[in-house]
Amino acid sequence: MNTLFDKIWDSHTVRTLDGGSCVLYIDRQYIHEVTSPQAFAGLRQRGIEVFRPSQVTASPDHNIPTQNQHLPISEPQSAEQVATLERNCTEHGITIFPIGSERNGIIHVIGPQTGLTQPGMTIVCGDSHTSTHGALGCVAFGIGTSEVEMALASQCILQSKPKSMRINIEGELGKGVCSKDIILYIISKLGTGGGTGHFVEFAGSAIRSLSMEARMTICNMSIEMGARGGMIAPDQTTFDYLKGREFAPKGKDWDAAVERWSKLRSDDDAVFDKEVTFDAADIEPMITYGTNPGMGTAISNTIPTTEKMDEAEKVTFDKALSYMGFKEGEPMLGKKVDYVFVGSCTNGRIEDLRAFAHFVKGKKKADSVTAWIVPGSKEVEKMAIEEGLQEILHEAGFELRQPGCSACLAMNEDKIPAGKYCVATSNRNFEGRQGPDSRTMLAGPLVAAAAAVTGVVTDPRELL
Amino acid sequence: MRNKFTTLSSTVVPLPIENIDTDQIIPARFLKATTREGFGENLFRDWRYDKQGEPKADFVMNSPIYKGQILVAGKNFGCGSSREHAAWAIDGAGFRAVVSSFFADIFRNNALNNGLLPVTVSETMLAEIFKAAEADPATELKIDLEAQTIEIVGTSSKESFDIAPYKKQCLMNGYDDVDFLVSIRNEIEHFEQR
């Protein structure tokens, strides 16, 4: 009567302290340049080594440029962070995939892509979108830098066990509706705190029917409803995805692994602390209108009104709309779009680029739109070139950039200018997220493609 | 060894906004340091300063009347990114506790790991604190970690709050988790053999 989450968590608990804090063993730790330097400095100060360097993998991603990666990073602080990561990895014997190398990319894209992420694992990284890896049936979650230091020092972290929650999506998705729409829909219903304190399992026939990469998009944004993490039970889709990947088990080990992984599911009588079910048929292409990911709506809807809101809610809502330059009750369709950003650990995988490229094939980018198409990894970039996507994009007036986190959080040069509107396939529309005073509308790759060719918010179903 | 937290009595800085995310607490462009120091000056950077770097008069931290070591904020404080820089920035700006009716999980852990106490109060209590601070900026809160209580000084408004017993001990004694985990490396090694 255990949930999948319980099974993995409990089998990784070294010890439970009085009062319930768990010493949780971590199978795999990912690190990047922004949230790790202070952790290594802490180890140095304490005079201790990394406990299990072979279980740690590093990739610079957050503030690397997405053009001319063969040149030195021009911004001195970014260059210093990336150099610090390289030094720390060399000093402690940690594998790193440097900028420009064939395995480099956004850490949450390359973990699954290389087969380092496997079902049943516990995985942490100093990044809230670590939940992405849960799509393969892992307990994966973001941690702070002090916890990065704990995991480096002991391969464990101290953590209270979250409650369990299951979100079921049943039925068939409509035409032109993708996994990004599912997760934006869920967050719009549950709010940005709807999952706080919980670890979410996504289930139901609509989830089962999704590809591995589409599942990653859903788990990726679990944190945007406050959840500690999100996960999907491994199945044939998972095994087919992993088979033959560089770090996946091989031969007899593979067979044994699949047998083990096949048991990773919630028991039929498992009880969740919270459970909700949505009908897939109710989900339309989504877009956000406000300054948190819960402020989203079906693209054909109007922005909500404040009638039924309490005072505290209204203050926050008004502040968000005023920032966005929108008014309550307005339609989203037809709103001007200045920038389109396709990429990030949410929607920067090959299937996302394929969806975007196939949509814009034979069409032209609107002159008024600046578009940044940023692959999630070097491998995704390579595939996009080999499959001819780059050519399709080029003919439609788009340019494929080099991999990195890019305009998702604008730590590199890819910043949306103040006051400009950007339809972004990334995960956060917070004030200033894509650059000071930038205005973000979150959406999936098809909505982004429709905006890119029309220059305004457009229902992609009309152009399919 | 970190600073020990026992009791704290202080006036408050009220920020009655909900869902304050870590990008507001410390924008990503200020995450490029490789040390833990210096984040306080960029706390709430884009709410606190205009593009020229001048303080915005309407932001509470620039108000001459609201000062103190306790930040009080609307529900779902600290949602978003896992950046511990958010806790470092709040700590660096001189706060020792944050009071809200609801905290995002990662932020709560990050705060606790830095000796910054997140205190979860009821919606009613939060509304009372905002009201009291608005009426009189000299309003003080008293937080007693040992007793796990928070009160508006001089009133009958008092509540108890939850904290994991282990974390409470860490805060009260200035311990941190790395010391503890390194001390049980043998047990962890044994666990790995199973």
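Okay, here's what the table says:
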quantity	calculated
Checking A:Trp261 against (1) out of contact with any helix residue (DSSP H, G or I) (no Cβ under 8 Å at 6 or more places or on another chain); (2) more than 30 Å from A:Ala443 (Cα to Cα), the condition it does not meet	(1)
Any hit, region A:250-265, residues being under 30 Å from B:Asn109 (Cα atoms), in contact with a strand residue (DSSP E or B) (Cβ under 7 Å, 6 or more places away or on another chain) and touching a residue at least 12 places away in the same chain (Cβ under 8 Å)	no
Residue list for region A:1-19, filter: acidic (Asp, Glu) and surrounded by fewer than 16 Cβ atoms within 10 Å (Cβ to Cβ)	A:Asp10, A:Asp18
Only listed residue being modelled with pLDDT of 95 or more, within 10 Å of chain B (Cβ to nearest Cβ) and farther than 18 Å from A:Thr145 by Cα, chosen from A:Gln69, A:Gln77, A:Gln81	A:Gln77
Unique match (being closer than 20 Å to A:Leu158 by Cα, touching a residue at least 24 places away in the same chain (Cβ under 8 Å) and either in the same structural domain as A:Gly229 (by TED's automatic domain parsing) or among the polar types (S, T, N, Q) (or both)) among A:Ser36, A:Ser59	A:Ser36
Pairs, first farther than 12 Å from A:Thr57 by Cα in region A:16-33, second among the small types (Gly, Ala, Ser) and surrounded by 23 or more Cβ atoms within 10 Å (Cβ to Cβ), C-beta under 8 Å, six or more apart	A:Ile26/A:Ala151
Elements of type helices (runs of 4 or more DSSP H) contained in region A:169-223, each with 3 or more residues being buried (at least 24 other Cβ atoms within 10 Å of the Cβ)	A:179-190, A:212-220
Number of positions in region A:413-427 that are farther than 19 Å from A:Phe326 by Cβ and either buried (at least 22 other Cβ atoms within 10 Å of the Cβ) or of a type in the set (A, V, I, L, M) (or both)	4
Residue within region A:382-393 that is aliphatic (A, V, I, L, M) and assigned to a strand (DSSP E or B) present	no
Of residues in region A:41-66 being facing chain B (nearest Cβ under 9 Å) and of a type outside the set (A, V, I, L, M), the one farthest from A:Asn104 (Cα to Cα)	A:Arg46
A:Ala448 vs. criteria of a type in the set (A, V, I, L, M, F, W, C), buried (at least 24 other Cβ atoms within 10 Å of the Cβ) and assigned by TED's automatic domain parsing to the domain that holds A:Phe326	yes
Complete set of residues in region A:411-464 that are charged (D, E, K, R) and part of a loop (DSSP other than H, G, I, E, B)	A:Glu413, A:Asp414, A:Lys415, A:Lys420, A:Arg428, A:Glu431, A:Arg433, A:Asp437, A:Asp459
Selection count where residues are more than 10 Å from chain B (Cβ to nearest Cβ), crowded, with 24+ Cβ neighbours inside 10 Å and of a type outside the set (A, V, I, L, M, F, W, C), scope region A:129-164	5
Tally of residues being in contact with a Ser or Thr (Cβ under 6 Å, 6 or more places away or on another chain) and either free of Cβ contacts under 8 Å to residues at least 40 places away in the same chain or within 10 Å of chain B (Cβ to nearest Cβ) (or both) across region A:4-15	1
Matching residues, region A:18-40, being farther than 17 Å from A:His129 by Cα, part of a loop (DSSP other than H, G, I, E, B) and facing another protein chain (nearest Cβ under 9 Å)	A:Asp18, A:Gly19, A:Gly20
B:Phe102 vs. criteria among the hydrophobic types (A, V, I, L, M, F, W, C), crowded, with 22+ Cβ neighbours inside 10 Å and under 9 Å from the mean Cα position of the chain (by Cα)	no
Flag for A:Thr90 being more than 27 Å from A:Phe341 (Cα to Cα), at pLDDT 95 or above and crowded, with 16+ Cβ neighbours inside 10 Å	no
Among (1) within 25 Å of the chain's Cα centre (by Cα); (2) part of a helix (DSSP H, G or I); (3) of a type outside the set (A, V, I, L, M, F, W, C), the one test that A:Thr90 misses	(1)
Residue list for region B:122-165, filter: away from every other protein chain (no Cβ under 14 Å) and closer than 26 Å to B:Asp177 by Cα	B:Ile143, B:Asp144, B:Leu145, B:Glu146, B:Ala147, B:Thr149, B:Ile150, B:Ser160, B:Phe161
Residue in region A:404-414 that is under 20 Å from A:Val369 (Cβ atoms), touching a residue at least 24 places away in the same chain (Cβ under 8 Å) and of a type in the set (D, E, K, R) present	yes
Filter result (closer than 20 Å to A:Thr454 by Cβ and in a helix (DSSP H, G or I)) within region A:320-352	A:Met324, A:Asn347, A:Asp352
Some residue of region A:287-294 being part of a strand (DSSP E or B) and of a type in the set (Val, Ile, Thr)	yes
A:Thr316 vs. criteria over 20 Å from A:Gln67 (Cβ atoms), in contact (Cβ under 8 Å) with a residue 60 or more places away in the chain, polar (S, T, N, Q) and in a helix (DSSP H, G or I)	no
When residues of region A:344-394 are limited to those that are acidic (Asp, Glu) and touching a residue at least 24 places away in the same chain (Cβ under 8 Å), the one surrounded by the most Cβ atoms within 10 Å (Cβ to Cβ)	A:Asp352
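Yes/no per residue for (1) among the hydrophobic types (A, V, I, L, M, F, W, C); (2) more than 26 Å from the chain's Cα centre (by Cα):
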site: A:Val34; (1), (2): yes, no
site: A:Pro37; (1), (2): no, no
site: A:Ala41; (1), (2): yes, yes
site: A:Glu49; (1), (2): no, yes
site: A:Ser54; (1), (2): no, no
site: A:Ala58; (1), (2): yes, no
site: A:Asn63; (1), (2): no, no
site: A:Asn68; (1), (2): no, no
site: A:Leu71; (1), (2): yes, yes
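Table: residues versus (1) surrounded by fewer than 17 Cβ atoms within 10 Å (Cβ to Cβ); (2) under 19 Å from the mean Cα position of the chain (by Cα).
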| position | (1), (2) |
| --- | --- |
| B:Glu18 | no, yes |
| B:Ile25 | no, yes |
| B:Phe39 | no, yes |
| B:Asn42 | no, yes |
| B:Gln52 | yes, no |
| B:Phe59 | yes, yes |
| B:Gly68 | no, yes |
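The values are calculated or read from the model by the stated rules, or taken from the named source; none is laboratory data. Note that the structure is predicted; figures quoted are calculated from it, not measured. Note that we place each Cβ from the backbone using ideal geometry, even for glycine, and neighbour counts take in every protein chain shown.
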